[in-house]
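Scroll down for the structure; my scribbles are underneath it.
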Amino acid sequence: MEAATDTYRTTVVKAKRQAILKAARAQFLKCGYTHAGMTDIACDADVSTATLYKHFRSKEILFAEIVEQASDHFKFDFPQPVDGASLEDSFCVAAKTGLKSFLASDVQPLMRIVIGEVPFAPELARETFKRVTHHWYNATIGALDDMIAQGYLKPHDTSISARFLIGMIKEIFIWDGLFHANHVAPTDDDGRKIRTLVELFLHRYSVNSPDTKNVVWLRS
């Protein structure tokens, strides 16, 4: 009986936490960080303010959790090679998949919110930047290091090349969305823009540059 009661309580606590996170996400996206009220969030989540603060002792911590959730749904494991495809094709597939994941997540609108909070909540801004970008850069650096080890890319400082690669993607596909409230995700059906930036990257770093189309990736 006691075990069943404990299980029920745990279920209720988890449900309330998820309700709070859902309500908070909607409030932050609608009102921004400064104007989103903890009382309004509690009301929308159908919990008391005391319950809200029991789960999240500050609005900053609550917002950080929202960012963490969004980042978890944003999977930019770039690049993830495709068996039997050329190195160039593998990069293009990975870039398209990762970019689609990014634009489908709440990361972009949340980052837009944080940009306006930099003067007032610098710690919040730094933490958000860290949560969003570290996964992106670290996954890319790890993949590039692996390609160097297998002889597909020239030995180089991947902490720089990762920024070069991601920077091109940001410049073409992401920056506009940070500064336009009603931004429509760019379309690139034929992959022309992605292929162009991949060609530029591989021209600099591929062992077989500039001809990368015949380099077939075989996953280890």
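Within region 44-64, is even one residue more than 27 Å from the chain's Cα centre (by Cα), outside the structural domain of R112 (by TED's automatic domain parsing) and of a type in the set (A, V, I, L, M)? Yes, some residue in region 44-64 is more than 27 Å from the chain's Cα centre (by Cα), outside the structural domain of R112 (by TED's automatic domain parsing) and of a type in the set (A, V, I, L, M).
Applying the selection to region 99-127, what residues are closer than 28 Å to V198 by Cα and in a helix (DSSP H, G or I)? Across region 99-127, the qualifying residues are L99, K100, S101, F102, L103, A104, V107, Q108, P109, L110, M111, R112. Do we have S101 as modelled with pLDDT of 80 or more and under 27 Å from H203 (Cβ atoms) here? No; evaluated as a whole, the condition is false for this residue. The residue that is farthest from I169 (Cα to Cα), among those in region 99-138 that are among the hydroxyl-bearing types (S, T, Y) and in contact (Cβ under 8 Å) with a residue 12 or more places away in the chain, is T128. Within this structure, G142 fails the test of being modelled with pLDDT under 80 and in a helix (DSSP H, G or I). Given the condition among the hydroxyl-bearing types (S, T, Y), over 16 Å from S71 (Cβ atoms), over 16 Å from the mean Cα position of the chain (by Cα) and buried (at least 19 other Cβ atoms within 10 Å of the Cβ), answer yes or no: does some residue in region 183-203 qualify? No, because not a single residue in region 183-203 is among the hydroxyl-bearing types (S, T, Y), over 16 Å from S71 (Cβ atoms), over 16 Å from the mean Cα position of the chain (by Cα) and buried (at least 19 other Cβ atoms within 10 Å of the Cβ).
Every residue, every condition in (1) farther than 16 Å from C92 by Cα; (2) modelled with pLDDT under 80; (3) among the aliphatic types (A, V, I, L, M), yes or no:
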position	(1), (2), (3)
A125	yes, no, yes
R131	yes, yes, no
M147	no, no, yes
Y152	no, no, no
H180	yes, yes, no
R192	no, no, no
W217	no, yes, no
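Condition check: of a type in the set (D, E, K, R), free of Cβ contacts under 8 Å to residues at least 24 places away in the same chain and under 24 Å from D176 (Cβ atoms). Does K96 satisfy that? Against the criterion (of a type in the set (D, E, K, R), free of Cβ contacts under 8 Å to residues at least 24 places away in the same chain and under 24 Å from D176 (Cβ atoms)), K96 does not qualify. Scanning region 51-62 for residues that are of a type outside the set (D, E, K, R) and assigned to a helix (DSSP H, G or I) returns T51, L52, Y53, H55, I61, L62.
Among the candidates T196, T158, the residue that is at pLDDT 90 or above, touching a Leu at 6+ places or on another chain (Cβ under 8 Å) and closer than 24 Å to A85 by Cα is uniquely T158. Residues that are among the acidic types (D, E) and surrounded by fewer than 17 Cβ atoms within 10 Å (Cβ to Cβ) within region 103-144 comprise just one, E123. Residues that are modelled with pLDDT of 85 or more and of a type in the set (D, E, K, R) within region 1-46 comprise K14, K16, R17, K22, R25, K30, D40, D44, D46, listed in sequence order.
If only residues of region 13-50 that are β-branched (V, I, T) and assigned to a helix (DSSP H, G or I) are counted, the one that is surrounded by the fewest Cβ atoms within 10 Å (Cβ to Cβ) is T39.
The values are calculated or read from the model by the stated rules, or taken from the named source; none is laboratory data. Small disclaimer: the values here were computed from a predicted structure and weren't measured. Cβ: placed from backbone, ideal geometry, glycine included. Neighbour counts: every protein chain shown.
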